[in-house]
1. Starting from the amide H of residue B:151, placed 1.01 Å from N in the peptide plane, find each other amide H under 5 Å away whose residue is 5 or more places distant or on another chain.
2. Of the accessible area of the range A:542-649, with the probe set at 1.4 angstrom, what percent is carbon plus sulfur?
3. Give the percent of DSSP beta bridges with both residues in the protein assembly as shown that are antiparallel, rounded to the nearest 5.
4. Return the unpartnered cysteines for the protein assembly as shown, using a Cβ-Cβ cut-off of under 4.7 Å.
5. Name all residues of the range A:25-62 having a backbone nitrogen under 18 Å from the label point set 7 Å from the Cα of residue B:186 along its Cα→Cβ direction, giving them as ranges.
6. Before I look further, what does chain A give for accessible area per residue, probe 1.4 Å, in whole square angstrom?
7. Taking R0 as 51 Å, what FRET efficiency do you get between residue A:423 and residue B:78 from their Cβ-Cβ distance, rounded to the nearest 0.05?
8. Could you give the alpha-carbon Rg of the range A:273-404 over 2.2 N^0.38 Å, rounded to two decimals?
Amino acid sequence: MTINFAAPSAAPKVGDFVIIHMKFPGNPQAGWWTSTSGGATLTAEYSDLSAETPGTQALRVTAAGSGQSATVASYFDSYTTRSFVQMKGQYQITFKAKGVGGTNQVGLSFMRNLASSNLVYVNQTVTLTSGWQDYTYTFTANETGTAIGPAKLQFAVSGASVLLDDVSVTPVTVTSSNPTPFRDEVVDTLKTLNPGVLRYNDGSNTGSTIDNIIAPAFARQRAGANGASEYDDVALGLHEFLQLCQTVGAEPYYNIPAAASPTEMQNLIEYLAGDSSTTYGAKRTAMGQAAPWTSVFPVIHLELGNEQWNWGTFPGSAINDPVAYGNRVATVFGAAKSSPYYNASSFDLVMGGWADVPWWNSQEMASSSNFDSVSVAPYLYYTLNDTSSNEAIFGPMFAQPEMQDSVSTGTMYQNGQYAKSGNTKLVVYEVNLSTLSGTANQATLNGAAASVGAGLTVADHMLLMVRDLGITTQNLWALPGYTNSFTNTSTGAAETTPLFGSVIDMGGQTNLRRPTYLAEQLANTAILPTMLQATASGANPTWVQPLSTNDSIQLNGAHEIQSFAFSDGANKRSVIVFNLSRTTARPITFTGVNAPTGAVTVGQLTSANITDTNETNSTVNITTTAISNFQPSTQYSLPAYSMTVFTWQQ
Amino acid sequence: MVNAGAPAITWATPAAITYGTALSSTQLNASSTTAGTFTYSPAAGAVLSAGTQKLTATFTPTDKTQSTQTASVTLVINKATPTITWPTPAPISLGTLLSVLQLNATASVPGTFLYNPLLGVSLSAGTNPLSVTFTPTDTANYNTATASVTITVTGGTTGSATNIDIGTTVSQSGVKRLGMNIAGQAFYDSSQMLRNLVFRNPGFEGEIWQSILKCTAVTTTSCTDAHSVVSMAGELRPGGDLRVHLWWREGHDRYSDLEHRGVG
């Protein structure tokens, strides 16, 4: 596209960037499914609003004329053949409304559309008053895993004109253990995982502004950055995200739009760190958080943009030039650091990098300043071609983390060197397998990408990046996300890969966790602030990983045993040990002043088969054993393809 | 929940119970300010299936001039976790294959056991973990359960082991637990994150737009971004606004709000 403007003082050059801001009021029914007949209309109402709404629009449904009718409906849980939300207990429908013509009546219904019938929870006619009023209707659901089909909330108007605003369907009960706007099942899943960091980056936010990000949910506008049509989804808010981090005890890692201005950045710092007397501190207080968020968290990670190098995927929200982006980071983060509310120890200002191209990161760093970290996403196992045996699949899969992280030719090793020379640190904004293409058939793909072997691989990768590269902030991608498309480069068949979600669902039809989740959960039971050097000797078996057609992985001397020891500086000790043999149990012993001794709890993740998954049943599980008199010199056998965690008090 | 009309019935939603727990006065505890008798459905002693169940109380006032009243509450019944009993097996000598003498866990309810390692496997010398996953037949009312024990394999030599020495040398400090990306919500996706299940524009609000263009061709008054999907969201509606910020890579921001002359 071409943008025209008045001639600036300096002539534009190829390679310059232009940021376009627009506001599109109206179209209130975006995101809703609508129908009208007989001349009924759906329009935006800007002036006749409820005194309690935080927003600037309402929906006006005009259908009072003879033969006129209109419906507006909202659906959720619409994934074909699966359910990710089973409704249990009491729920309430709330909305604001006002009758402005005709009978002032609106038909309210809420139902689950099953394959053969509808599960109707609410179906009634509501007569509205002629003034704005809040309406609440309760119902009870008892879905036990078999209610598969989209759920639908609908307002139907015929012979009336009404104003509608601020609609919700929520569980009635709010427990003290979950004061957030997130579902109980989501919060419970995160509490079990016990993550050190939570990251939120949303494509629905890339065209947003700081003011919109911190707005209340019912006032938050849809935000676009590219494409030919309007966006329908509203991003989660920063306040809600910070509430979630606080509740689960994790540091927040938040991506702000790449086009954020220096002034916006200063406003954000004030929002997070200013007291209630400041303009943006007052906005925070109005949302219910009086104390600065910087007093809640040890550090808040803020990244400018997301994957600026990935212009092809994120056009319109990417400054796809490492020098230009580096300059922009210097300007925007420089503004942050000039804020009177900025405290260096409270923030980690992150410049986005490119894991696969260390050169790109070096260019960014050389052209920038004012950043604290450079982020990378070192995904693994992009292609799955050789599926001739379990060894062909899992030999290279298990070798790849060490090849990337611990060997001088590895891309992550090189990124680490660039960071070290630039006196900065790396953070991992996303990591997982990324098996999205190859010649594997569906069944083999499932048994690889969602297997216990995959879970071990990702956890090993993350721990190697702590041990060998000093990367202490890392985030698995992601919590939800049932499947993605897989391109079969041989047959062209439409396949799906069981990535990137680490859970099947949370409170849906299965409530199952994938092995990637379980491996991180188990690792988090052992990770303590200080990593101690753990030195392997004796058998210390290795294998020669020949060149594979899966990601061109090759490594001589790949280690079967990988170990990671931790201390809390007081009495707690732990050690995580992987056995990456695909076939053979390996015995280990321990020595040293911090070797496990006495009463030791042993947690372990493995399964009967390396290809086992939890896609349909709870096959892969963490087991826990208490050993009352652990002897470090006595051989302990690690099963093949296993992760074992020893925790004890020194 | 209280039905309209007197006498009023008070009945708080009872705390969740675990499957197998019989209904008792802990749950069936409706009260009224008026004298009378309560009957419940299901009655005390009933064992209900896991899930959310409806309890109903019928109150018959002593004063026959008053009408019979009913009230109901919901009771959440969590699945029970079977108890697995698995005695620590006696030590076996190197070369002994695992058998039912070692893989002999029992459970409090019917179901199937999946052991790891499997029956017939030969273990290495030293302490070996054994684990089992138990899947109950009645999955509607019982959770999957796991258990583990260790078994000592005697004989052999220790020379084949890998020794891990953990001393006092600090490898890394400031280590934190591994993190997680949450995701936003998108229609047809699997990520229903929020309590409010109406997540698409619940406030009927408008849209804002912010797009970054990279100039692949320029004139003194224009910038062209060749990417086909960097385009506008449509015509500006009344009340809309468009601002253009130019940002030159040679220096710092040289923002200026410039007149919009057209978008093509």
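The values are calculated or read from the model by the stated rules, or taken from the named source; none is laboratory data. Quick caveat: nothing in here was measured; it's all calculated off a predicted structure. In this analysis, Cβ positions are derived from the backbone assuming ideal geometry, glycine residues included, and neighbour counts consider all displayed protein chains. Accessible surface is based on the protein model in full, side chains and every heavy atom, while ligands, DNA and RNA are left aside. Shrake-Rupley method; radii C 1.70, N 1.55, O 1.52, S 1.80 Å.
1. The answer is B:128, B:130.
2. On the way: 1740 of 3730 Å².
Exposed carbon and sulfur together represent 47 percent of the surface.
3. Details: 168 of 212 bridges.
For the protein assembly as shown, the DSSP antiparallel bridge percentage is about 80.
4. If one checks each Cβ against the other cysteines of the protein assembly as shown, A:245 turn up with nothing under 4.7 Å.
5. Under cut-off, by backbone N: A:31-32.
6. Numbers: 20900 Å² over 650 residues.
Heavy-atom SASA per residue in chain A reads 32 Å².
7. Numbers: r = 53 Å, r/R0 = 1.04.
Using R0 = 51 Å, I get an efficiency of 0.45.
8. Details: Rg = 19.9 Å, N = 132, 2.2 N^0.38 = 14.1 Å.
Against the compact-globule rule of thumb, the ratio is 1.42.
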